[in-house]
1. Of everything in segment 342-358 that's under 19 Å from the mean Cα position of the chain (by Cα) and in a loop (DSSP other than H, G, I, E, B), which residue is farthest from the ligand (Cβ to nearest atom)?
2. Out of all the residues in segment 259-284, which are buried (at least 20 other Cβ atoms within 10 Å of the Cβ) and either closer than 17 Å to ARG147 by Cβ or touching a residue at least 40 places away in the same chain (Cβ under 8 Å) (or both)?
3. Quick one: in segment 222-258, of everything that is among the aromatic types (Phe, Trp, Tyr) and part of a helix (DSSP H, G or I), which residue is surrounded by the fewest Cβ atoms within 10 Å (Cβ to Cβ)?
4. Considering only segment 35-64, state which residues are more than 20 Å from ALA116 (Cβ to Cβ) and either touching a helix residue (DSSP H, G or I) at 6+ places or on another chain (Cβ under 8 Å) or buried (at least 24 other Cβ atoms within 10 Å of the Cβ) (or both).
5. State whether the residues of segment 188-196 include one that is of a type outside the set (Phe, Trp, Tyr), touching a Lys or Arg at 6+ places or on another chain (Cβ under 9 Å) and more than 16 Å from the ligand (Cβ to nearest atom).
6. Restricting attention to segment 149-187, report how many residues are farther than 15 Å from SER339 by Cβ, acidic (Asp, Glu) and away from the ligand (no atom under 12 Å from the Cβ).
7. Say we look at segment 3-16 and pick out the residues that are modelled with pLDDT of 95 or more and out of contact with any Phe, Trp or Tyr (no Cβ under 6 Å at 6 or more places or on another chain); which of these is farthest from LEU419 (Cα to Cα)?
8. Go over the candidates LEU122, LEU175 one by one and state the one that is more than 19 Å from the chain's Cα centre (by Cα) and either under 18 Å from ALA234 (Cβ atoms) or buried (at least 20 other Cβ atoms within 10 Å of the Cβ) (or both).
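The values are calculated or read from the model by the stated rules, or taken from the named source; none is laboratory data. Owing to the predicted nature of the structure, the values given are computational and were not obtained by experimental measurement. Counting neighbours? That spans all protein chains shown, and the Cβs are built from the backbone with ideal geometry, glycine included.
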Amino acid sequence: MIKLDRDEAARAILARNDRGGYTVPTDRLYPFQWNWDSAFVAMGFATFDADRAYRELERLIEGQWDDGMIPHIVFHAPSDTYFPGPEVWGTRHRIATSGITQPPVFGMALRHVHEAAVEAGLPNAAERTRNLFQAALRSHRWWLRARDPDGLGLVAILHPWESGSDNSPAWDAALARVPTSTTTAIRRKDTGHVDAAMRPRDEDYQRFIHLVDTYRECGWDPQRQWAVAPFKIADVQMTAILARATADLIHLAEDFGWEAERAELSEMHDRLTAGLARRWRSHLSRFVSLDLVSGENVEAPTQACFMPLVALRIDDAQRQAVQSEIERWHEGMVVGLPSTAPFSPAFEPKRYWRGPVWAVVNWLIADGLRMNGLENLAQRIEQTTVRAIERAGFCEYFDPTTGEGLGGDTFSWTAAAYLVLGRRAKASASGARR
Ligand code: GLC
């Protein structure tokens, strides 16, 4: 048997999860195309195949709705290993899709892929970037129109799945108000693939599906959903990713000399960064989301609280506070950053978004730390992530207290993270030796 080196192994996972120009997050557990997974995967592909990287984004856009929303799942081909499938969502797009969205990493990925394609001399790079740029711009307009109708400078999620951090303690209080009744029969498939102790609880699932039922009954109309949503959180993680992606699109618009687009995006960027900046709480040393139903701050200590660093330049006092807070979250951990602070009563090191470490989250957090001059901390997070993957494999997530790999294995976005962060770790190690 030929022994693959780790980069080759990561590329082999992407090849194995390729279903024809798009990549499933992992076989069986997630058998379709997921929105933010594909954006990370495209950046992974960009390290060795810019053409395939574009394809990933182009196939995702096949699912974009006429109003600009990019759905969280595109059901390109049928599969019976996942619940809830297209029949539960009941949306009316040309291709079956879910009815909710996910973090808009797309714009960030587009800039990344574009730069890799130009460097590789890929023909048609400019034209492909231009088409995808227009799709991204339409989606950013949708975000502000549909999810910040009151102009707070913060975009809201109407379903925990939109956040990408499905069962985070950040949603506990808001989700507890959502009824457990459903009109759809719940047939969970995830716990047939993965240990139930590492997945959301049944009660969470009932509430997740109650929300899907509610929005389907609104015909997926954004205004009607906004009016009735029992779950509505202006989320700092989502807003930060949107603001960061907006900055990346501005960069592309400048490169191409598209003045009208640049001006429109700059206005969006100002609105989002101002909204985010208002969410800093110095007594907590982190940013907090806002529950728009109860009017309360979401103070649960989760990874989302540091995500604004990908979009904002913080001041010296904030930088020091963030540094000591992140160090505190690492105490006693084999690998950080835990998705929930270990000192929180909600911390469960093996349960999905209630403690485990996620490679793509670390990728973003490290980017934000670096942008804000916290290079050492950024490197530490990148290097421990790379080491965890080298030890445990390309797992969905990792137990921060032991480094054990959990959830699904052969995960596409973990492979992509390895390809990108592995390079950075090698570069900083060789820089340190010099
Ligand atoms: C889970 C994660 C979400 C991810 C999806 C596919 O639902 O919470 O963030 O996009 O799996 O990997």
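1. Here is the first cut: in segment 342-358, the residues under 19 Å from the mean Cα position of the chain (by Cα) are 351-358.
Restricting the remaining residues to those that are in a loop (DSSP other than H, G, I, E, B) gives 351-356, 358.
Details: ARG351: 12, TYR352: 7, TRP353: 6, ARG354: 11, GLY355: 14, PRO356: 11, TRP358: 8 Å.
This residue is GLY355.
2. Residues satisfying the conditions are LEU265, MET268, HIS269, LEU272, THR273, GLY275, LEU276, ARG279.
3. PHE256
4. ASN35, GLY63, GLN64
5. No, there is no match, as no residue in segment 188-196 is of a type outside the set (Phe, Trp, Tyr), touching a Lys or Arg at 6+ places or on another chain (Cβ under 9 Å) and more than 16 Å from the ligand (Cβ to nearest atom).
6. Residues in segment 149-187 being farther than 15 Å from SER339 by Cβ, acidic (Asp, Glu) and away from the ligand (no atom under 12 Å from the Cβ): 1 in total.
7. Among residues in segment 3-16 that are modelled with pLDDT of 95 or more and out of contact with any Phe, Trp or Tyr (no Cβ under 6 Å at 6 or more places or on another chain), the one farthest from LEU419 (Cα to Cα) is ARG16.
8. Working: LEU122 fails: either under 18 Å from ALA234 (Cβ atoms) or buried (at least 20 other Cβ atoms within 10 Å of the Cβ) (or both).
Answer to the selection: LEU175.
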